[in-house]
Amino acid sequence: MPHEASRPYSDDEDALNEVEVNGNWTPQEKALHEARLKAKAKRRLRKSSSRNSTSESFSESGDVPGGDPHSPKGKVNTNDRKSRAGKGRGLPKKGGAGGKGVWGAAGMVYEDEEPDARDPNYDESSQGDTVYATVVPEVDEKELEKMVNPIVQEYFEHGDTKEVEMLLKELNLGPHKYEFSSLAVSLSLEGKASHRELTSRLLSDLSGKLMSQSDMARAFDKMLKELPDLILDTPEAPQMLGQFIARAIADHVLPMSFLDCYKGKVDCEYARVALDRAAVLLTMKREMVRLDNVWGVGGGLRPVKHLVKEMNLLLKEYLVSGDVSEAERCLRDLEVPHFHHELVYEAVVMVLESKGDTASHMMIKLLQSFWKTGLITVDQMNRGFQRVYDELPEISLDVPHAHSIMETFVDLCYQESVITKQLRDACPSRGRKRFVSEGDGGMIKN
């Protein structure tokens, strides 16, 4: 039929149409069949257009791109990097720089790029030479006192200023470093004279290294403002602080103009007492030189000759005043309990060299007081008397009746429970030599 010959379908489709003509399909099957035919026609049209574009590109180059010259014409090399999709300009993908294990195009030289800190993979520790430093957090003002107190208390025991300096360098005191000086001074006010001497030395050694004059001035200014509170625990705090200020000025820890800054500007009564005390010490003749011993030399740091001189002076003042409590205070201030036997020795020698019984009774009273209060121990008392026993022959050269005076004094001390019976019995006695009458020819009786 002429109508059937004009339809561009295959024999299978003609067969399907014959079925349709015979009326074996339902309307739904007929609509589905038409949709399939339209989709198939579109696929054929798309395939024919792609073949035409490929043939045109081949005709321009004269050869199959990417093909092997020994291979059949039209066979594409599977290892070629050019696009095989049949589209584009036929150039290599990524300009020939892509592919597995390839960093870039041949001959390309990469320059050093600066790392980007915003890069998620940026690692600061891997950039150049990394220096690691220990960061010490700044000490809080509330924790400063807890950390400084043990350092100062240990310093009062060993007296090594270099160790304190090393410990302070390990702490990050920050702007509160001046408070170390004020805390050290306040702790020494509650301690002994030797502690105050050590504190003055510590301030002198730290000045110019860890503390400046302005830091020291700020610390003492704080102490002057805190005097109303300090006097509750230490009634003599104003006088002591004045001595600290005078010693600090003499040691160049504080500027010479420190006192001038407070003239006519101090309302606190205790602060005026401290500043007046410092001014008096600094204006006295040659006092700048003697300020080195404003606290005395504490304990074993004092030379033995100086200790002997101090104890002699103590006993002489007692014989004049008769004040036992003052003598006890002076002995405690010397802070040499291991050297109290020297006081016993000097007291007994003074009794031997004195005239009359006044010195003897006063010394017994003094030794008895020291014995009862525990200021002089049994060992120190025994050592003092034993030293006199050993040197009694030499003392007898200057004091002929030393043996008899010694025996009397030892008996009185035993009666007042100052010495023990063993110590009394150990007292040496000189043998008496009695001569017979002149008629016996001066022979000595056995």
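Assorted remarks:
- Count of region 275-309 residues, restricted to those that are of a type in the set (D, E, K, R), at pLDDT below 60 and open to solvent by 60 Å² or more (accessible area, probe 1.4 Å), is 3.
- Of the residues examined, residue 361 is one that is within 20 Å of residue 414 (Cα to Cα), out of contact with any Ser or Thr (no Cβ under 9 Å at 6 or more places or on another chain), in a helix (DSSP H, G or I) and open to solvent by 10 Å² or more (accessible area, probe 1.4 Å).
- Boolean, residue 197 is modelled with pLDDT under 90, within 16 Å of residue 148 (Cβ to Cβ) and among the acidic types (Asp, Glu): no
- When residues in region 157-181 are screened for being within 22 Å of residue 238 (Cα to Cα) and surrounded by fewer than 21 Cβ atoms within 10 Å (Cβ to Cβ), 2 of them pass.
- Cβ pairs under 9 Å, 6+ apart, first in region 245-274 and open to solvent by 90 Å² or more (accessible area, probe 1.4 Å), second of a type in the set (Val, Ile, Thr): 256/249; 272/266
- For region 364-379, taking the residues that are part of a helix (DSSP H, G or I) and not hydrophobic (A, V, I, L, M, F, W, C), the one that is most open to solvent (accessible area, probe 1.4 Å) is identified as 372.
- Residue that is modelled with the highest pLDDT, among those in region 137-147 that are closer than 10 Å to residue 173 by Cα, touching a Leu at 6+ places or on another chain (Cβ under 9 Å) and open to solvent by less than 100 Å² (accessible area, probe 1.4 Å): 144
So that you can scan it fast, the table gives a plain yes or no per residue for (1) within 22 Å of residue 398 (Cα to Cα); (2) basic (Lys, Arg); (3) open to solvent by 40 Å² or more (accessible area, probe 1.4 Å):
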{"site": "311", "(1), (2), (3)": "yes, no, no"}
{"site": "316", "(1), (2), (3)": "yes, yes, yes"}
{"site": "336", "(1), (2), (3)": "no, no, no"}
{"site": "339", "(1), (2), (3)": "no, no, no"}
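- Matching option when the condition is within 21 Å of residue 151 (Cα to Cα), surrounded by 16 or more Cβ atoms within 10 Å (Cβ to Cβ) and touching a strand residue (DSSP E or B) at 6+ places or on another chain (Cβ under 9 Å), among 216, 211, 223: 216
- Taking region 380-421 as the range and being open to solvent by 80 Å² or more (accessible area, probe 1.4 Å) and under 55 Å from the mean Cα position of the chain (by Cα) as the test, the residues that pass are 383, 390.
- Listed by position, the helices (runs of 4 or more DSSP H) enclosed by region 163-236 that each have at least 1 residues that are touching a residue at least 60 places away in the same chain (Cβ under 8 Å) and more than 26 Å from residue 138 (Cα to Cα) are 193-206.
- Selected residue (criterion: farthest from the chain's Cα centre (by Cα)) from residues of region 340-363 that are small (Gly, Ala, Ser) and farther than 14 Å from residue 314 by Cβ: 356
The values are calculated or read from the model by the stated rules, or taken from the named source; none is laboratory data. Everything numeric here is computed off the predicted structure, so don't read it as measured data. Cβ: placed from backbone, ideal geometry, glycine included. Neighbour counts: every protein chain shown. Areas reflect the complete protein model, heavy atoms only, side chains present, ligands, DNA and RNA absent. Shrake-Rupley method; radii C 1.70, N 1.55, O 1.52, S 1.80 Å.
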